[in-house]
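Read the figures in this text as sums done on the coordinates, not as results from a lab. The structure displayed is predicted, hence computed values, not measured ones. Backbone-built Cβ (ideal geometry, glycine too); neighbour counts: all protein chains shown.
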Amino acid sequence: MTQEKPKGISTTVAVVGIIVGIIIGAVAGYLLVPQAGVATVTATVAGPTVTKAGPTVTATVGAKKPGEGMTFVFVGHWTAGPFSAVVQKGFLDACDELGAKGEFFMAEADVARQVRYIDEAVIRKVDGIVTTIISDTAFDEPIQKALAAGVNVISANADDSQGAAGNPRKSFIGQSFYTAGLSLGQYVAKKAIEKGLDLKTQRVAIFTSFPSSPWHAERGRGIRDGLVQAGADPKNIADVDCISEELATVERVQTGYLTANRDIKLFFATDGITTDRFTISAKAAGAKPEDVFFGGFDLTPGTVDGIMDGYVLASIDQQQYLQGYFAVYLLYLMKKYEFVSDIDTGKALIDKSNVAIYQELSPQKIR
């Protein structure tokens, strides 16, 4: 990809307001309804309803959750790890709130397996599918077949590089990759210059687990633009393939690279796993915090520790919990009311000044 393509991620305030309003209304309405079989329902008034004086609140005992009887499926490209665990929690939390059945599959970067999971879900006539589109071609036909069969499909976390123009998926929930990369590149470049690093001569390494992925291409393009704007030579910026998302493999590649290239001081990563493992890898290579300037993505426990220890200057949080959580509610509303909307989950820049809250939420698999 050579230029940023509009993906419709900048959802209008009105549309997002409608979706959030309906979500809040649905959940609030449910919370007012005592659940069948739950021990905390203690009303002893005769009859099927309990009415409270004052502003009228009527709760029907035994009422169903709005999503009962529905099944939603998330098919991701990930290998099990700290990043995908947060997406999974958001997805299953939302399914639980709605009373829907949730199924979460990880294809471990095997596109053929990912497509097979989608096809199998379509055969079962599930109520909606969310998937990560990591190829501009492999998912076009299976998603078109799903839609033709009456099964709604949306993408989350990763999308076709051309957005809706490149794939028939109905919506995308995730981050604007280029602008997030640009923000990170500009921030780390500024900090490096303040510490006396000469960007004109400095070599730069960008770690990734998926060199061909849309997020690496767009985040990497943004990082490069931010660095070049600050005076870096684009010829000195190189990608480093960490081969997979398997934690030990990423550590081995990063540690080896850091050990063999001690003249490089400026590092980036374009995904959550290569960011998470950087601190451990840098320590294994004998590097001290003052030896490296590093920026990456997402807020896994290893990344939070890296920020606190000084090895990670900043990380961009795409708030992946929301990618799983909002996907369920959007598919539910799509099934019931045919809502279609893209949702940008953000690009919050986290550094030592604001990381404290993440120390609590990251282990809970929320941030």
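If you count, for each residue, the other Cβ atoms within 10 Å and average over each peptide, how do 100-110, 211-221, 319-329 line up from highest to lowest?
Final packing ranking: 319-329, 211-221, 100-110.
Can you pull the percent of Cα pairs in segment 177-317 with separation above 28 Å?
5 percent
Can you give the net charge of the other residues whose Cβ lies under 11 Å from the Cβ of Ala287, counting K and R as +1 and D and E as -1?
+2
Taking the number of other C-beta atoms within 10 Å as the exposure measure, put Thr79, Thr208 in order starting with the fewest.
Thr79, Thr208
Got the relative contact order for segment 248-367 handy, in percent, Cα pairs under 8 Å and 6 or more residues apart?
Once divided by the residue count of segment 248-367, the mean separation gives 23 percent.
Between beta-carbons, use under 12 Å as the cut-off and find the net charge around Arg367, counting Lys and Arg +1, Asp and Glu -1.
It works out to a net charge of -1.
Within a Cβ distance under 9 Å of Glu245, other residues only, what is the Lys/Arg minus Asp/Glu net charge?
Once positives and negatives cancel, what remains is -3.
Quick one: check the C-alpha center-to-center distance for segment 112-128 versus segment 168-196, whole angstrom.
What the calculation gives is 33 Å, centre to centre.
Amide H neighbours of Phe104 under 5 Å, counting only residues 5+ apart in sequence or on other chains, H built in-plane at 1.01 Å?
Under 5 Å from the amide H of Phe104 lie the amide H atoms of Phe74, each far enough along the sequence or on another chain.
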